[in-house]
Amino acid sequence: MKSKEPRIKLSGNSFKAVAESATDSIFVADENSTILYCNKKALELFGYQEEEIIGESLTILMPERYRKAHFKGIKRFLSSGEPKWIGKTIEITALHKNKTEFPIELSLSAWKEEEKYLFAGIIRDITKNYNIMKEMGILQTISTAISKADSFNNALSLTIKLICQEGGWSCGEAWVLNRAKHMIEYAPVWYMSEEKFLPLFEVSKQATFRVGEGMTGSVFLNKTVWNPDITAHDSNFKRKEIAKQVGLKSVLGVPIVTHEGEVFTSLMFYLSESKEEDTIFTRIVTSLAIQLGTFLEKKQIEERLKQSRDFYITILEDFPALIWRTNVDGIPEYYNKTWLKFSGNCLEDELKKDWSTSIPKEDFDRLTNAFQNASKDKSTFEVEIRMKRYDGEYRWILSLGRPFYDIDKNFKGYLGVSYDITDQKRNIAKLNKSYIELQQTTEELLSTEEMLHKLNFELEKKVEDRTKDLNEKNDTLLKINTDLDNFIYTASHDLKAPIANIEGLTTMLDDVTSDPTFRNKEVISLIEMIKTSISKLKNTIMDLTEISKIQRMEKDDIAPQNLSEIIEDVKVLFFDQIKKSNAEIRLNLDDCPVIEFSKKDLRSIVMNLLSNAIKYRSERRPEVLIKCYQKDQYAILSVTDNGIGIDLKHAKLFKMFKRFNTETEGTGIGLYIIKRIIDDAGGKIEVESEVGKGSTFSVYFKHQ
Ligand code: ADP
């Protein structure tokens, strides 16, 4: 049973007055750890009323875990008298009436009264210090960690992870303002203590907010947000559904601001249970966010700078020209990749290079002069020099240099670009050469043209002379031809009489040989032979007469002819041969157009063709087809036989006296006559033939 009376007799009012006005908490307890006295400050600190605490055990002021050790310590002190903690100040955790723990600094003292020990404890609340320490610890840990991060996202990710781990948050995520600064996007970094929160991030990845929209968006209005239940009906948390699904309740949203006070990132931390605001933690994170802001902003700017720097450096490095830079003293300090490829050196060697080994002296002097002159007034320069390439070949280089300045307009050296112009130079030389050659060729062409004119003139004259000559020769030939025709005419005419005479004489000889007394058989056969020869001669003369008639244009009138009538006449003429050979002659004249021709000539053509068709027959019974039809501008008369045929490869059919068959009687004039007639009339004659099968002769009459 506890007593309500203070069991200590304090030595006068002076102690009490001191104790009550002390800023620290003071407890006095006996050997049994019963609280005999505590000052007002102590009651405030632990949350008790005086009557609740006096007579209670000291252990109600300490967490359960320390109680055993406490009694052990008292016991040891009472038995041995050896103080371990007495007279010392220690840091320890105390227990508030509301069961929360808090750090205290405890100074213990002990003294004897009436043979019993009394103990006094002076307690100072060090929560504030402790929090500052803790805060500093977390800040330290996070700052150290993120300072080592190599990218903005890594730093962000580490921050979230450490805050979650230090503060016991279930998961955390980050949001960033996009480059256009009008939308808030999910940063691809998050931390989760358990896999089950993953769906929140899957949903968040797709989400975007406007500044001020929802809970996430309102953080971007530079507000720290705490909500003990985001799943509550009235909460403005947009991803309520998924938060409910994965079991998240409380949220802490902290803005991270730039040094100009603009929010560029926010951190959101979630807890599975509903929790009222932890002001200490909020303060830690908020103060961390301020530090982080500067750091992350720097990191982000650095990163963007590096990206654009890398971009420009890549362009510079791969630029298809040799790029160089000097320092203020004109000493080279940079060459791009293209330059190093040209020289075949690494940057280090190139920077140390002795120029006289790669640029001819006169060119080097020119370069130095140009550079020095330009340097005087910081102007640009341009110079052409020869420079040795990696393969030892000297190339022509056009080098352009200009001064460059930093942001503050301080001269920083020369920046230049050099082009390999060897090929251009060669091309120009080639072009010049080609131009000269072209000029020469043009001149040559002009003189050739002149010569050609001259030659042409001479040629024309020669042609004129030749034409004259030819005309003369032609006249002579025509004369000879006429003479020949006349000769044939007179010869054939004049020969008729003597042949008739010979014929008469042979007839007279017949009278002699027919006498039965005439026995000389040899003479008889000779007379027969003479007769045959005379007959042949007569035929030849007849044909020759025919030719000379054509030559002399002794043509009868051109008129529409009745072909079938002419054919019938000819058939009568050849009655004997047809009968003897048992030839079948068929006509197909149904499509025959009107043929306008000389009747005599047409008759002659039909006669010759039909006679040949029967004459040059084979073993077979002769079959002759006479056809007439129209094709294009021609009326065609064709005579087809099934005779012996002609080997057309060798045949020059239409030449005078040409014969390919000597077994049969003939003069070799018939086809020649046809050709002459038809050629003169502007037509033509064609033959198709196959040896052993037969022939077709087609005569083309020009049809008006
Ligand atoms: P000829 O009949 O008097 O010998 P042609 O000028 O009419 O003279 O014929 C020339 C040659 O062409 C003939 O000797 C003959 O060899 C050949 N010939 C003409 N027509 C035919 C034909 N229908 N079939 C076979 N051979 C032919």
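The values are calculated or read from the model by the stated rules, or taken from the named source; none is laboratory data. Everything numeric here is computed off the predicted structure, so don't read it as measured data. Virtual Cβ from ideal backbone geometry, glycine too; neighbours counted across all protein chains shown. Side chains included, ligands, DNA and RNA excluded: accessible areas come from the protein's heavy atoms. Shrake-Rupley method; radii C 1.70, N 1.55, O 1.52, S 1.80 Å.
For THR667, are the conditions met, namely being within 7 Å of the ligand (Cβ to nearest atom) and either aliphatic (A, V, I, L, M) or not in a helix (DSSP H, G or I) (or both)?
Judged against the criteria, THR667 is a match.
With respect to the numbered conditions (1) more than 10 Å from the ligand (Cβ to nearest atom); (2) among the charged types (D, E, K, R); (3) more than 30 Å from ILE488 (Cα to Cα), which one is the sole condition not fulfilled by ASP641?
All conditions pass for ASP641, except number (1).
Contact list please: Cβ distance under 6 Å, first residue in the range 86-113 and without any contact (Cβ under 8 Å) to a residue 12 or more places away in the chain, second residue surrounded by 17 or more Cβ atoms within 10 Å (Cβ to Cβ) and not acidic (Asp, Glu), pairs at least six apart or on different chains.
TRP111/LEU118
Being touching a helix residue (DSSP H, G or I) at 6+ places or on another chain (Cβ under 7 Å) and either part of a helix (DSSP H, G or I) or farther than 30 Å from TYR186 by Cα (or both) narrows it down to one residue among ILE146, ILE132; which is it?
ILE146
Looking at VAL219, is it out of contact with any Gly (no Cβ under 9 Å at 6 or more places or on another chain) and over 23 Å from THR144 (Cβ atoms)?
So VAL219 fails the test.
With respect to the numbered conditions (1) away from the ligand (no atom under 14 Å from the Cβ); (2) more than 60 Å from the chain's Cα centre (by Cα), which one is the sole condition not fulfilled by SER611?
So SER611 meets the others, but not (1).
Which condition does ALA681 not pass, out of (1) at pLDDT below 95; (2) touching a Lys or Arg at 6+ places or on another chain (Cβ under 8 Å); (3) within 14 Å of the ligand (Cβ to nearest atom), if it passes all the others?
The single condition ALA681 does not satisfy is (3).
Output the residues belonging to the range 150-168 that are within 49 Å of the chain's Cα centre (by Cα), surrounded by fewer than 20 Cβ atoms within 10 Å (Cβ to Cβ) and more than 11 Å from VAL189 (Cβ to Cβ).
ASP150
Give the number of residues within the range 232-266 that are among the polar types (S, T, N, Q) and buried (at least 19 other Cβ atoms within 10 Å of the Cβ).
Of the residues in the range 232-266, 3 are among the polar types (S, T, N, Q) and buried (at least 19 other Cβ atoms within 10 Å of the Cβ).
Mind counting the residues in the range 104-141 that are closer than 14 Å to LEU78 by Cα and under 60 Å from the mean Cα position of the chain (by Cα)?
Total satisfying the criteria: 0.
Report, by residue number, each residue of the range 486-496 that is under 17 Å from SER535 (Cβ atoms) and either open to solvent by 70 Å² or more (accessible area, probe 1.4 Å) or at pLDDT 75 or above (or both).
Once the filter is applied, which keeps residues that are under 17 Å from SER535 (Cβ atoms) and either open to solvent by 70 Å² or more (accessible area, probe 1.4 Å) or at pLDDT 75 or above (or both), the range 486-496 yields LEU495, LYS496.
Confirm whether ILE605 is under 24 Å from ILE541 (Cβ atoms), assigned to a helix (DSSP H, G or I), more than 9 Å from the ligand (Cβ to nearest atom) and of a type in the set (Val, Ile, Thr).
Criteria met by ILE605.
Can you pull out every residue in the range 402-422 that is free of Cβ contacts under 8 Å to residues at least 40 places away in the same chain and surrounded by 11 or more Cβ atoms within 10 Å (Cβ to Cβ)?
Of everything in the range 402-422, those that are free of Cβ contacts under 8 Å to residues at least 40 places away in the same chain and surrounded by 11 or more Cβ atoms within 10 Å (Cβ to Cβ) turn out to be ARG402, PRO403, TYR405, ILE421, THR422.
Exactly one condition in (1) within 20 Å of TRP169 (Cβ to Cβ); (2) in contact with a strand residue (DSSP E or B) (Cβ under 8 Å, 6 or more places away or on another chain); (3) at pLDDT below 90 is not met by GLU276; state its number.
So GLU276 meets the others, but not (2).
Looking only at the range 344-359, which residues are open to solvent by 20 Å² or more (accessible area, probe 1.4 Å), in contact with a helix residue (DSSP H, G or I) (Cβ under 9 Å, 6 or more places away or on another chain) and assigned to a helix (DSSP H, G or I)?
Hits for the range 344-359 are LEU347, ASP349, TRP355, SER356.
Can we say LYS599 is surrounded by fewer than 21 Cβ atoms within 10 Å (Cβ to Cβ), basic (Lys, Arg) and away from the ligand (no atom under 15 Å from the Cβ)?
So LYS599 passes the test.
Could you grab me the full set of residues in the range 85-120 that are touching a helix residue (DSSP H, G or I) at 6+ places or on another chain (Cβ under 8 Å) and either on the phi > 0 side of the Ramachandran plot or of a type in the set (Gly, Ala, Ser) (or both)?
Answer for the range 85-120, where residues must be touching a helix residue (DSSP H, G or I) at 6+ places or on another chain (Cβ under 8 Å) and either on the phi > 0 side of the Ramachandran plot or of a type in the set (Gly, Ala, Ser) (or both): ALA94, ALA110.
Of the residues PHE697, PHE701, PHE660, PHE654, only one is within 13 Å of the ligand (Cβ to nearest atom), open to solvent by less than 30 Å² (accessible area, probe 1.4 Å) and out of contact with any Cys (no Cβ under 9 Å at 6 or more places or on another chain); which?
Going through PHE697, PHE701, PHE660, PHE654 in turn, just one is within 13 Å of the ligand (Cβ to nearest atom), open to solvent by less than 30 Å² (accessible area, probe 1.4 Å) and out of contact with any Cys (no Cβ under 9 Å at 6 or more places or on another chain): PHE697.
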